[in-house]
Amino acid sequence: MKLYHTTQGCVFEHQDRWYSVNKFSWDDLVAHDDLEGFLCDSVTHLAPVERSALNLNEILLAPIRSQEVWAAGVTYHRSRNARMEESESAGGGDFYDRVYRAERPELFFKATPHRVVGPGGKVAIRNDAKWSVPEPELALLINPGRRILGYTVANDMSSRDIEGENPLYLPQAKVYNRSCALGPCVLLSSDPLPLSTEIHLDILRGGKSAFAGRIALTELKRDPRTLVDYLFRNNSFPHGCFLLTGTGIVPPDAFTLAAGDEIRIAIDEIGTLVNWVG
Ligand code: DO4
Ligand code: MG
């Protein structure tokens with residue numbers, strides 16, 4: 001089952017049929033303990049909507065309203081290596097190796113809803129950054145009771161030169177206007193995604209491929225459930241939250257994003273999140 005946040009309210013797709021649930025806000029739905037079960041049951045008294053009547057490309061919003069966005073870092077070997085290299089001259093390299101091996105994960109605050117863009121929106125590169133990349137990540141949607149309700153696609157935009165200069169600059173490298181993209185929908189499921197699930201990144205410049213990469217969840221070192229447990233330690237989320245699970249795809253060092261680039265991030269079963277840099 002896939003849940004969409006649109007300008008016309010919340011819409012879900014179940015067994016090839018589409019339903020509108022606009023009497024509930026996005027926040028009402030995220031508060032549910034068993035959202036998938038609730039929506040499944042509601043199908044008996046909802047009339048399906050014609051797919052052709054929903055112009056999804058025009059009406060899709062980011063699947064967020066009042067949720068905070070957090071992120072895990074250095075959860076893939078590729079991210080550990082890239083970060084050790086970029087911060088070597090600043091003496092920061094060892095920290096990334098230590099956090100990759102440690103029991104406690106790296107978790108950081110990523111975005112408030114107003115910094116998040118949805119499908120088709122423009123993500124930003126900082127004016128004071130010289131080396132910017134998208135980070136394609138699987139994101140978890142978690143309810144206030146710390147249950148994983150489902151999964152979406154995320155882009156954790158990052159300024160690698162700022163983070164590499166000093167790891168203490170991480171919040172500036174990561175948190176700025178339009179630094180995060182989410183969408184196109186939330187795949188509602190209380191089951192973990194299969195480890196064979198792949199994340200794909202394609203960056204197009206002038207319509208041509210500028211970089212492409214992929215990674216499977218088998219390479220994710222941390223169990224999503226454990227990441228959630230750490231995030232909720234002495235922390236509450238009255239409207240639930242998103243947790244990005246880290247990147248395993250890092251473009252070569254010579255690559256930096258430019259205005260006009262198209263970023264396509266696809267995760268099997270969920271869909272493709274498309275954004276432009278601007
Ligand atoms: O340690 C810095 C951030 C790491 C990160 O965002 C990632 O690994 O995805
Ligand atoms: Mg990241």
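The values are calculated or read from the model by the stated rules, or taken from the named source; none is laboratory data. No experiment lies behind these values; they were computed from the predicted model shown. All Cβ positions, glycine included, derive from the backbone under ideal geometry; neighbour counts span all protein chains shown. These area figures cover heavy atoms from the full protein model, side chains too; ligands, DNA and RNA do not enter into them. Shrake-Rupley method; radii C 1.70, N 1.55, O 1.52, S 1.80 Å.
Residues that are hydroxyl-bearing (Ser, Thr, Tyr), in a helix (DSSP H, G or I) and away from ligand 1 (no atom under 14 Å from the Cβ): does region 36-51 have at least one?
Yes, the conditions are met somewhere in region 36-51.
Out of the residues in region 137-195 that are within 14 Å of ligand 1 (Cβ to nearest atom), open to solvent by 10 Å² or more (accessible area, probe 1.4 Å) and of a type in the set (S, T, N, Q), which is modelled with the highest pLDDT?
GLN172
If you scan region 134-183, which residues turn out to be on the phi > 0 side of the Ramachandran plot and basic (Lys, Arg)?
ARG146, ARG178 - these are the residues of region 134-183 that are on the phi > 0 side of the Ramachandran plot and basic (Lys, Arg).
Among the residues of region 243-278 satisfying the criterion of being over 11 Å from LEU204 (Cα atoms) and of a type in the set (S, T, N, Q), which is nearest to the chain's Cα centre (by Cα)?
THR245
So for region 62-84 (the condition being among the acidic types (Asp, Glu), part of a helix (DSSP H, G or I) and open to solvent by 40 Å² or more (accessible area, probe 1.4 Å)), does at least one residue qualify?
Within region 62-84 (the criterion being among the acidic types (Asp, Glu), part of a helix (DSSP H, G or I) and open to solvent by 40 Å² or more (accessible area, probe 1.4 Å)), the answer is no, since none of the residues qualifies.
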